[in-house]
Amino acid sequence: MRATVCWVLRAVLAVLFLYAGIAKLADVRTFAVDVANYRVLPAAVVGPFVASIPGVEIACGLGLLRARTARAAALLATGLLGAFTIAAVQALARDINIDCGCFGSVRAPVTVLTVGRDLGLVAAAVVISILTPSTDEKPPGHRARGAEYSKTG
């Protein structure tokens, strides 16, 4: 059951990150305006940020699809989603009426529902991080090669 829940969460987050990254690449100018409208980053940083985020999101989505990289990708997703949530909260707190910019040219205003969605996605990423074993963990009952011969009589 744990493995199924983890796989479903990984698949959902992977699709969301892949879609978001590709949508932003398809309309970089709109994404740049959306990022600038949050009024968090200095103008000189908006360009490099906009240039890097779609690639990071796509890499995160691909990483979630591969078992060996799922835990690292889930940690990356947690960080990204946490930052996006903080940006949305500060926009609401400052009463900045803006579009989310979450999925490229899909227009959706930042609302309390945006924050709730983002918090749910953060929770999903955290669950994936917890349920996915690290790459150096051995399954229960696993014995190292030659372990049966290492005992001295």
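In degrees from 0 to 90, rounded to the nearest 10, what is the angle of the helix 43-65 Cα long axis to the longest principal axis of the chain?
It works out to around 40 degrees.
Work from the charge dipole of the chain (Cβ charges, +1 for Lys and Arg, -1 for Asp and Glu, about the Cα centre) and give the residue of I130, I96, V46 farthest towards its positive end.
Checked the options; the winner is I130.
Among L131, L65, L41, which one shows the biggest mean-square fluctuation in a GNM of the chain, springs joining Cα atoms closer than 10 Å?
Looking only at L131, L65, L41, the biggest GNM fluctuation is shown by L41.
Cα centroid distance between the stretch 82-129 and the stretch 18-48, in Å?
So the two Cα centres are separated by 14 Å.
To the nearest 20 debye, what charge dipole does the stretch 1-98 have about its Cα centre, counting +1 at the Cβ of each Lys and Arg and -1 at the Cβ of each Asp and Glu? If you can, show how the numbers build up before the last one.
Values: 9 positive and 4 negative charges, 80 e Å.
Using only the charged Cβ atoms, the result is roughly 380 debye.
Which whole-number percent gives the relative contact order of the chain, counting Cα pairs below 8 Å spaced six or more residues apart? Working shown, then result.
Numbers: 169 pairs, mean separation 47.1, N = 153.
Dividing the mean separation by the residue count of the chain yields 31 percent.
Relative to the longest principal axis of the C-alpha atoms of the chain, give the angle of the C-alpha long axis of helix 70-93, reported between 0 and 90° and rounded to the nearest 10°.
The two axes meet at around 30 degrees.
Every number here is computed from the coordinates shown, using simple stated rules; none is lab data. What you see is a predicted model, and the numbers here were worked out from it, not measured in a lab. Quick reminder, even Gly has a Cβ in these numbers, built from the backbone with ideal geometry, and neighbours come from all protein chains shown.
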